[in-house]
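The values are calculated or read from the model by the stated rules, or taken from the named source; none is laboratory data. Note that the coordinates shown come from a computational prediction; the quantities given were computed from them, not determined experimentally. All Cβ positions, even for glycine, are placed from backbone atoms using ideal geometry, and neighbour counts span all protein chains on display. Just the protein is used for accessible areas: all its heavy atoms, side chains included, with ligands, DNA and RNA removed. Shrake-Rupley method; radii C 1.70, N 1.55, O 1.52, S 1.80 Å.
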Amino acid sequence: MKKIFYFLFATILLWSCQRYQSSNFIVIDPDDSPEEIIKKAAHVVPSERQLAWQDLEYTAFCHFGVNTFTDREWGYGNEDPAVFNPTEFDAKQWVSTFVDAGMRMVIVTAKHHDGFCLWPSSLTDHSVKSSPWQNGQGDVVKDVADACHEAGLKFGVYLSPWDRHEQCYGTDQYNDYFVNQLTELLSNYGIVDEVWFDGACGEGPNGKKQVYDWLRYFKTIRELQPQAVIAIMGTDVRWVGTESGYGRVMEWSVVPHEFTDTESIADNSQQAETDGVYLPMGDKMASDLGSRSKIFKAQSLVWYPSEVDVSIRPGWFYHAAQDELVKSPEKLLDIWFSSVGRNSLLLLNVPPDTRGLIHENDVKTLMDFKKIRDAIFTNNMLENASIKSSSFSMGHRAAGLLIPGREKYWQPKNGVTEADLEFDLGAEKTFDCLLIQENIELGQRVEQFSLEIWTGERWKEITRSTTIGNKRMLRFSPQTAQKVRLRLLQARWSPALSFVGLYKRMPQLNISPSGGAFSEEISVELSTAETGNQIYYTLDGSEPTTFSLKYTRLLSFTESTNLRAVAFDHRGVPSFTREGSYTKATFSMSYKYPPSPKYPGKDQLTIIDGRKGMLDFSGGDWLGWEGEDMVVTIDYKKIKDLKMISASFLHEQGSWIFSPEGVIFETSMDGVNFQYWGGKKNLDPWDQPGTIRREFSTIGARKARVVRVTAKSIVSCPKGHAGEGGKAWMFCDEITIK
Ligand code: FUL
């Protein structure tokens, strides 16, 4: 009897394991119940190559080629190879920069859309071999691959399917050409870990139409470099859908299989040249790709994780004019939390310059950014915590959560989808960032979780979110507590967590107002979110340190002043340096159409006083125009170096306030002849519900004495609006010029 029992038990176990055996791809049967679909989704797992790729976390993209020398973003394909001539090319400098920055792979644009090859391909003369660089004997791909392999970094290639140079592009023959190019790249440069196929194509409706033989390309890669992931127009890695650096708040790595469809990826990709990074129009970044409502409708599911690609500069290629526009460490940190911290890999583009080196400004920002990450993430407040879990399975106790890596992980009993983990930190500690990781080797399962602190009387929720995946980071205002509770509120199957950490970010220093113009006197307040920090400042433009002036009370200026301030917390960790430039109005301002007497702001300077208005438009920070354009001219009376300009408007259609149709920025040396600096059309529909602020901006260095901003009003309320035909309001609170 006992034997029969064991036999039956073993058969059932085997059956259930087989039924939900984990795999990279799972078919949903039409008669699967919702519970079965959810369980199936919980058992979709990364392939070995996807897992290795995900662990890289932070990788470098290098856009380098003829565009570097012609100062373009998209080459035409007819560039003379002679233009390619870096004077100090040094792949080792690239790679050592990336190693120091904490990056783990380098992907180089072996060929961009212009068709110019960075390796001496035997298939075309349009390559480095026809350039004067190293007398045509050089090979960028080889040098970068060798430097990576030597330094222990992974190496990847970007190969643009769209080719503006190759004559056979648009014919069947091109598929052979492309496969042969791939074969060269994947046979002669050692291990390649990522192949990046761009979806961009600017041929337009009347251009050449290439039918790509994707399956053949994929097969070639699998044969020659089986460990390489195929990204974007490919099977292993999904483009997050934007080039802004900001991933989805809810990011599922398990999505319906249709997301791997190359046609629709191409439709969402860039189709015309821009002067910077492409921001898809409309909603190319749907907020939900894989929640229950999506997977219930799917025919099959696949592990298809997201990669966030963004450039450290406005453009993908190097442009000297953008040397001062390298993203700040602060911006990169925000991107870090919004990419790596949102279950994505961050692919940061750092374009080598015309010397063939990573520019000093980019190096500095990368190193400062690394220092900041180290300062935040080396001190896990949970490190010596004791943990109680409401459930655990054999061999997977909660202690494993404090050991980085997937080897030791916590998991509740099989089938348990809700659980609490209570941490006692031993003493009160202050933190403002949660880092949490699922053991994705078993799949992505958590659908809802929260963090609470014990106030001494009750549990208080601090933050809550949906997905975790490989890594999730949540930021919140500083909290002090000894006990915290992590609640797993909903999961697809027993969630497996491999790591949890609580950290304290740098102090957050605010300057109010953050800059602007004043007529008699201006008061400036410095503050931090938490108490106990020390703030220091300088007024002579120098970097503030603990030896600088100490902030004790409101500052007051009667002359133009450049304020720089920094806050230090009790550990000595500094905030980002904040700057405020306060200008006593020596310039003149004029309005072609004066603002309405109903919304005149505080005075003429309201629009450049560094203060943003409240969304309920109380407080006198908004200037309003009724049925008229805003044309503001600012004459600095002397030539200034300008870097960027932005203008912000209110959109609150319920109150008949509409953001402009578009904004044009112009500059002039004499106040008579104006040059176009930039402009933006308003791409959003007028019927946007709710209240939002819309920013229009332009970046690009130039010298000028006079700046003019023209915002086009929609003049009258649009069709279908309650005020149809009546005068439309346009509200602007701030123009920022740097
Ligand atoms: C886009 C391309 O058009 C850009 O030039 C750049 O290569 C970027 C990574 O992808 O689609």
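Of all residues in segment 446-496, those satisfying the criterion of being of a type in the set (Asp, Glu) and under 27 Å from residue 333 (Cβ atoms) are 452, 461. Within segment 591-604, does at least one residue satisfy the condition of being assigned to a strand (DSSP E or B), among the hydroxyl-bearing types (Ser, Thr, Tyr) and surrounded by 13 or more Cβ atoms within 10 Å (Cβ to Cβ)? Within segment 591-604, one or more residues are assigned to a strand (DSSP E or B), among the hydroxyl-bearing types (Ser, Thr, Tyr) and surrounded by 13 or more Cβ atoms within 10 Å (Cβ to Cβ). Looking at 405, 400, just one residue is in a loop (DSSP other than H, G, I, E, B) and among the small types (Gly, Ala, Ser), and that residue is 405. Among all positions in segment 102-116, there is no residue which is free of Cβ contacts under 8 Å to residues at least 24 places away in the same chain and either over 14 Å from residue 65 (Cα atoms) or open to solvent by 10 Å² or more (accessible area, probe 1.4 Å) (or both). Residues that are assigned to a loop (DSSP other than H, G, I, E, B), among the hydroxyl-bearing types (Ser, Thr, Tyr) and within 16 Å of the ligand (Cβ to nearest atom) within segment 131-162 comprise just one, 160.
For segment 657-673, the candidate set comprises residues that are under 17 Å from residue 699 (Cα atoms) and not small (Gly, Ala, Ser); within that set, the residue that is most open to solvent (accessible area, probe 1.4 Å) is 664. With the condition kept exactly as written, say whether any residue in segment 491-501 is surrounded by fewer than 16 Cβ atoms within 10 Å (Cβ to Cβ), assigned to a strand (DSSP E or B) and β-branched (Val, Ile, Thr). No, segment 491-501 contains no residue that is surrounded by fewer than 16 Cβ atoms within 10 Å (Cβ to Cβ), assigned to a strand (DSSP E or B) and β-branched (Val, Ile, Thr).
Residues in segment 431-474 that are surrounded by fewer than 17 Cβ atoms within 10 Å (Cβ to Cβ) and in contact with a His (Cβ under 9 Å, 6 or more places away or on another chain): there are none. Of everything in segment 117-137, what is aliphatic (A, V, I, L, M) and either open to solvent by 10 Å² or more (accessible area, probe 1.4 Å) or not assigned by TED's automatic domain parsing to the domain that holds residue 193 (or both)? Give them in sequence order. Correct list: 123 only. Across segment 505-546, the number of residues qualifying as surrounded by fewer than 18 Cβ atoms within 10 Å (Cβ to Cβ), at pLDDT 95 or above and under 28 Å from residue 733 (Cβ atoms) comes to 3. Can you tell me how many residues in segment 185-200 are open to solvent by less than 40 Å² (accessible area, probe 1.4 Å) and away from the ligand (no atom under 16 Å from the Cβ)? Residues meeting the conditions: 5. Quick check, is residue 379 away from the ligand (no atom under 16 Å from the Cβ), polar (S, T, N, Q), free of Cβ contacts under 8 Å to residues at least 40 places away in the same chain and open to solvent by 10 Å² or more (accessible area, probe 1.4 Å)? So residue 379 fails the test. Kindly indicate which of 128, 83 is farther than 21 Å from residue 346 by Cα, more than 16 Å from the ligand (Cβ to nearest atom) and in contact with a Cys (Cβ under 9 Å, 6 or more places away or on another chain). The conditions single out 128. Residues of segment 325-347 that are within 28 Å of residue 44 (Cα to Cα) and not in a helix (DSSP H, G or I): 339, 340, 341, 342, 343, 344, 345, 346, 347. Flag: residue 55 does not match the condition of being more than 23 Å from the chain's Cα centre (by Cα) and open to solvent by 10 Å² or more (accessible area, probe 1.4 Å). Tell me, which residue of segment 58-68 that is among the polar types (S, T, N, Q) and over 23 Å from the mean Cα position of the chain (by Cα) is nearest to the ligand (Cβ to nearest atom)? Applying the filter and picking the extreme gives 67.
Residues checked against (1) in a loop (DSSP other than H, G, I, E, B); (2) open to solvent by 20 Å² or more (accessible area, probe 1.4 Å); (3) in contact with a helix residue (DSSP H, G or I) (Cβ under 7 Å, 6 or more places away or on another chain):
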| residue | (1), (2), (3) |
| --- | --- |
| 290 | yes, no, no |
| 297 | yes, yes, no |
| 310 | no, no, yes |
| 323 | no, yes, yes |
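Evaluate segment 348-360: report whether one residue or more is assigned to a strand (DSSP E or B) and in contact with a Phe, Trp or Tyr (Cβ under 8 Å, 6 or more places away or on another chain). Scanning segment 348-360 turns up at least one residue that is assigned to a strand (DSSP E or B) and in contact with a Phe, Trp or Tyr (Cβ under 8 Å, 6 or more places away or on another chain). Does residue 314 satisfy the condition of being open to solvent by 10 Å² or more (accessible area, probe 1.4 Å), touching a Ser or Thr at 6+ places or on another chain (Cβ under 7 Å) and touching a residue at least 60 places away in the same chain (Cβ under 8 Å)? No: the conditions fail for residue 314. Which condition does residue 113 not pass, out of (1) closer than 16 Å to residue 185 by Cβ; (2) within 16 Å of the ligand (Cβ to nearest atom), if it passes all the others? The failed condition is (1).
Quick grid of which residues meet (1) assigned to a loop (DSSP other than H, G, I, E, B); (2) open to solvent by 10 Å² or more (accessible area, probe 1.4 Å); (3) within 15 Å of the ligand (Cβ to nearest atom); (4) not aliphatic (A, V, I, L, M):
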{"site": "218", "(1), (2), (3), (4)": "no, yes, no, yes"}
{"site": "226", "(1), (2), (3), (4)": "yes, yes, no, yes"}
{"site": "230", "(1), (2), (3), (4)": "no, no, no, no"}
{"site": "234", "(1), (2), (3), (4)": "yes, no, yes, yes"}
{"site": "241", "(1), (2), (3), (4)": "yes, no, yes, yes"}
{"site": "245", "(1), (2), (3), (4)": "yes, no, yes, yes"}
{"site": "249", "(1), (2), (3), (4)": "yes, yes, no, no"}
{"site": "258", "(1), (2), (3), (4)": "no, yes, no, yes"}
{"site": "265", "(1), (2), (3), (4)": "no, yes, yes, no"}
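The criterion of at least 1 residues that are of a type in the set (Lys, Arg) and closer than 21 Å to residue 648 by Cβ is met by the following strands (runs of 3 or more DSSP E) wholly inside segment 659-734: 674-681, 692-712. So residue 203 ticks every box in (1) open to solvent by 30 Å² or more (accessible area, probe 1.4 Å); (2) modelled with pLDDT of 90 or more; (3) away from the ligand (no atom under 16 Å from the Cβ) but one. Which box is left unticked? (3) is the only condition that residue 203 fails.
Give segment 565-588 a look and list any residue that's within 16 Å of residue 525 (Cα to Cα), out of contact with any Gly (no Cβ under 8 Å at 6 or more places or on another chain) and open to solvent by 40 Å² or more (accessible area, probe 1.4 Å), or say none. Those that are within 16 Å of residue 525 (Cα to Cα), out of contact with any Gly (no Cβ under 8 Å at 6 or more places or on another chain) and open to solvent by 40 Å² or more (accessible area, probe 1.4 Å): 577, 578. For segment 441-457, residues that are in contact with a Phe, Trp or Tyr (Cβ under 6 Å, 6 or more places away or on another chain) and free of Cβ contacts under 8 Å to residues at least 40 places away in the same chain total 1.
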